[in-house]
Structures are given as C-alpha cells and as structure tokens.
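What follows is a single structure, written as structure tokens, with notes after it.
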Amino acid sequence: MKSLLIKDTTREEREGIVRRALWGDCGAECEFCSGCDNRGGGRIDVIYQPYIDGKKELSEINAEFTAPFIR
C-alpha cells in the first residue's frame, strides 16, 4: 500500500484518497448528506479539505474529529 502522507502524495492523489474513502464507507457522495453533521462534525468532505490542501495529515484530522467522543 502506498503511503498516504502529504509528503508522499500529490493534491490530485489526496483528492482521490478522500473521495474513495468517503464513497467506500457509505456508498454515497457527501452532497445533501447530513450523516456526519449529525455528529457535530459538519460535512465530512469539508473536514478533510486541510488534508487535500496539504496542511494536515489524515491522522491529525481524524484525531481532532473523534476526540470529543472519547472519554
């Protein structure tokens, strides 16, 4: 498996990684979906924009998103 780190991927690859991960999870696009927003996270495609932009790693975003739910 290829590395998912920002330093090892292009922006286009990161867009594809996020798109495949989201559609693979629930089978639908984020458009008009409120599934993640119901958990208070907002639209999930927006949540992963910092990864696509090369500003935050996936692990950082996932940790920030799940932290409020971990006791």
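Every test in (1) modelled with pLDDT of 80 or more; (2) over 9 Å from the mean Cα position of the chain (by Cα); (3) in a helix (DSSP H, G or I) is passed by G54 save one, and that test is (3).
Only one of the numbered conditions (1) under 16 Å from E64 (Cβ atoms); (2) modelled with pLDDT of 60 or more is not met by G41, and that is (2).
The values are calculated or read from the model by the stated rules, or taken from the named source; none is laboratory data. This structure is a prediction, so every number in the text was calculated from the model and none was measured. Don't worry about glycine lacking a Cβ; one is built from the backbone with ideal geometry, like all the others, and counts go over all protein chains shown.
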